[in-house]
Amino acid sequence: MRARSFFISTLKEAPADADVVSQQYMIRAGMIKKLAAGVYTYMPMGLRTIRKIEGIIRDEMNRAGAIELLMPIVQPAELWQESGRWEKYGDELLRFKDRHDRDFVIQPTSEEVITDVARQEIKSWRQLPVNFYHIQTKFRDERRPRFGVMRGREFTMKDAYSFDRDEAGAAKSYDTMYDAYCKIFNRLGLMFRAVRADTGAIGGSRSHEFQVIANTGEDVIAYCPESDYAANIELAEASSLLAGREAATETMEKRATPGKEKCEDVAEYLGIPFTKSVKSVVLAADRTNEKGEPLPAKIVLVLLRADHELNDVKAGHIPELKEGFRFATDKEIEAAFGSKPGYLGPVGLGEDVAVYADLTVADMSDFCCGANEEGFHYTGVNFGRDLPEPKAMDLRNVVEGDKSPDGAGELKLQRGIEVGHVFFLGTRYSEALNATYLDENGQPKVMQMGCYGIGVTRIAGAAIEQNHDDKGIIWPDAIAPFEVVICPMNYSKSEDVRNAAEKLYRELQAAGVDVILDDRDMRPGVMFADWELIGVPHRVVIGDRGLKTGEVEYAARRHLDEKVMVKVDEALDFI
Ligand code: ATP
Ligand code: MG
Ligand code: MG
Ligand code: MG
């Protein structure tokens with residue numbers, strides 16, 4: 001590629017609303033352009049990186065035996081109603097109507113559609129196992145789109161879905177994907193960690209997140225350097241709260257109305273994971289009169305910890321609520337509380353809870369309010385039934401220096417960016433959509449499923465968070481928009497320089513190197529600054545002075561001050 005025939009557009013300053021380095025550099029380097037909150041155009045420079053990320057993912061998915069298809073972005077509501085997620089997904093699901101007044105969604109993920117494909121196409125045990133994937137645009141109406149492509153609303157995800165005859169088969173499919181993910185993130189050139197993740201109400205231990213290590217990450221990971229133990233702290237914290245149950249009860253008794261259930265109990269009862277990502281959950285209980293006729297939904301409010309986003313909770317991590325309960329719609333919330341759901345925003349300590357309690361007491365009943373051992377307040381609702389004891393979890397407290405649950409050493413904490421997620425689904429969707437196959441004895445059986453996501457566009461941001469300096473991006477070779485840039489000095493004036501640059505350019509191209517020749521004829525300082533910002537990992541500078549002794553200058557983007565003079569004839573081999 002020649003710079004003149006390409007499109008390069010760099011900026012000196014990042015816009016004021018760019019809040020992390022990756023976002024600032026991607027905008028300044030002309031890789032992305034903001035269209036609306038969380039919605040970006042991938043400019044030519046950025047698209048090259050995205051395509052390379054997709055290429056590596058596609059390659060490893062194919063190697064692992066997954067089969068590519070392409071499911072629509074627009075999906076009919078009926079399938080989502082069938083799975084129950086139409087009600088449960090909440091505001092992150094973008095819904096709209098067509099001209100015939102039929103409901104549709106823009107897919108945030110594709111479990112429903114793929115299960116619909118499977119139930120039509122897979123008839124016999126002979127067709128299993130099978131793993132379908134696609135790389136497709138997603139839309140999640142994130143409450144707080146931020147960090148550029150890392151938490152966009154429109155973004156690209158690779159999502160795969162495995163179908164197996166039984167749990168053992170599904171476990172194997174899961175392991176195959178886990179291994180493929182390790183290969184993918186290695187090839188992408190990223191420092192990452194696979195960590196145990198919260199399986200929420202699905203239960204079981206089979207859920208791992210792939211976390212790119214970076215200080216700006218939104219997640220916190222507990223890991224043990226002496227072993228391969230690692231977990232997302234969301235999970236660890238949940239258990240630490242359970243471990244600290246007695247202390248919590250004590251604190252609570254000081255403040256709470258006696259005799260009422262604690263929020264964790266309510267959460268457990270409803271099948272909501274009591275984790276740090278649970279901020280507040282508004283539920284509706286469906287009611288009927290004695291004749292079985294529907295009554296207006298009874299709104300109940302469960303308020304948990306105050307850290308993350310409501311939509312995280314609504315978004316699929318809680319596939320099943322207890323029968324009779326569902327998430328309240330925005331309209332219902334407004335009607336019940338007299339304020340828009342946005343009002344349920346940041347929840348702090350005491351006073352806020354009191355507000356909610358007041359609001360809710362008018363509507364409810366039995367209400368309680370308390371605080372856990374960290375002083376976070378929570379409120380819960382007494383459903384008038386016996387609540388089960390929370391299930392024991394296999395994790396301990398996660399203060400740095402604590403003993404690792406596997407006993408191998410002490411735990412350390414670090415921040416990470418979730419770039420991939422593998423999840424054993426069991427029959428959550430296959431049962432709801434009745435996806436069955438006939439086994440060897442001709443008996444219908446429900447398929448066992450797994451789902452596996454990778455945030456293609458988020459990876460670009462995560463790679464930058466991990467690889468940058470004060471001049472700009474330092475791309476890992478595999479996903480750099482270009483691997484090598486040739487910077488000729490006085491390209492138009494010096495024939496020697498031009499000839500040497502053109503020759504090296506042709507040689508590198510012939511050798512299959514993704515090279516760009518900067519023929520823009522710019523002042524050296526401006527030209528260097530551009531490529532340092534864009535982050536091309538290898539740079540060759542060709543000037544008259546070097547050519548006098550038959551040399552060009554090479555520098556790696558990561559070590560710009562370690563310049564090496566290389567013989568012109570050896571430049572190709574050297575690079
Ligand atoms: P998060 O916890 O960051 O909200 P998630 O757990 O909701 O992510 P999954 O449903 O597991 O996301 O989706 C699979 C992958 O898609 C994630 O691991 C992440 O890499 C990517 N992803 C999810 N949400 C976004 C987003 N808003 N913008 C960009 N990528 C995203
Ligand atoms: Mg999310
Ligand atoms: Mg997550
Ligand atoms: Mg996830």
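Go ahead and collect, in residue order, the members of region 482-517 whose backbone nitrogen is under 18 Å from a label point 7 Å along the Cα-Cβ direction of Asp569. Label zone hits: 500-501, 503-505, 507-508.
Can you figure out the FRET efficiency of Gln120 with Asp166, using R₀ = 22 Å and their beta-carbon distance, to the nearest 0.05?
Step by step, r from the Cβ atoms, then E = 0.55.
Neighbour counts of other C-beta atoms within 10 Å: give me Phe7, Phe139 arranged from fewest to most.
Details: Phe7 10, Phe139 19.
Ranked by crowding around the Cβ, least crowded first: Phe7, Phe139.
How much of the pair distance distribution for region 64-131 lies past 14 Å, counting alpha-carbon pairs only, in percent? Pairs farther apart than 14 Å: 63 percent. Close amide H contacts of Lys138 (hydrogens built in the peptide plane, cut-off under 5 Å, sequence separation of 5 or more or a different chain): Phe155, Thr156, Met157. Phi-derived couplings, Karplus 6.51 cos²θ - 1.76 cosθ + 1.60 at θ = phi - 60°, listed residue by residue for region 80-92: 6, 6, 5, 7, x, 7, 4, 7, 8, 5, x, 6, 6 Hz, with x used for Gly and Pro. Label separation (Arg58 vs Asp406): 3.6 nm, computed from points 7 Å beyond Cα along the C-beta direction. Note on region 433-568: percent of Cα-Cα distances in each 5 Å bin, starting at 0 and stopping at the bin with the largest distance, equals 2, 9, 16, 17, 14, 9, 5, 4, 3, 3, 4, 4, 4, 3, 2, 1, 0. Taking amide H as placed 1.01 Å from N in the peptide plane, Asp402 has its amide H under 5 Å from the amide H of Leu411, each at least 5 places away in sequence or on another chain.
Its relative contact order, with pairs defined as Cα atoms under 8 Å and 6+ residues apart, puts region 452-516 at 25 percent.
If Lys and Arg each add +1 and Asp and Glu each add -1, what is the summed charge of the other residues whose beta carbon sits under 15 Å from the beta carbon of Asp19? Summing Lys/Arg as +1 and Asp/Glu as -1 gives 0. Here the contact order of region 1-81, divided by its residue count and restricted to Cα pairs under 8 Å and six or more residues apart, works out to 18 percent.
A Förster distance of 22 Å, applied to the separation of the beta-carbon atoms of Thr427 and Lys183, puts the FRET efficiency at 0.15. Taking amide H positions as modeled 1.01 Å from N, with prolines and chain starts lacking one, the residues under 5 Å from Leu517 and 5 or more places away or on another chain are Arg2, Ala3, Ile486.
Rounded to whole numbers, the Karplus 3J(HN,Hα) couplings from phi for region 523-532 are 5, x, x, 5, 4, 4, 4, 4, 6, 5 Hz, using 6.51 cos²θ - 1.76 cosθ + 1.60 with θ = phi - 60°, and x at Gly and Pro. Working note: Karplus 6.51/-1.76/1.60 with θ = phi - 60° gives region 419-432 the couplings 10, x, 8, 10, 9, 7, 9, x, 10, 3, 8, 5, 6, 4 Hz, where Gly and Pro are set to x. Extending 7 Å from Cα along the Cβ direction at Asp514 and again at Phe6 yields two label points whose distance is 1.0 nm.
Rounded to the nearest 0.05, the FRET efficiency derived from the C-beta distance between Ser227 and Val526 at R0 = 35 Å is 0.10.
Each reported figure results from applying straightforward, stated rules to the coordinates on display, with no laboratory input. As the structure is a prediction and not an experimental result, all values here were calculated from the model. Using ideal geometry, Cβ is built from the backbone for each residue, glycine included, and neighbour counts are taken over all protein chains shown.
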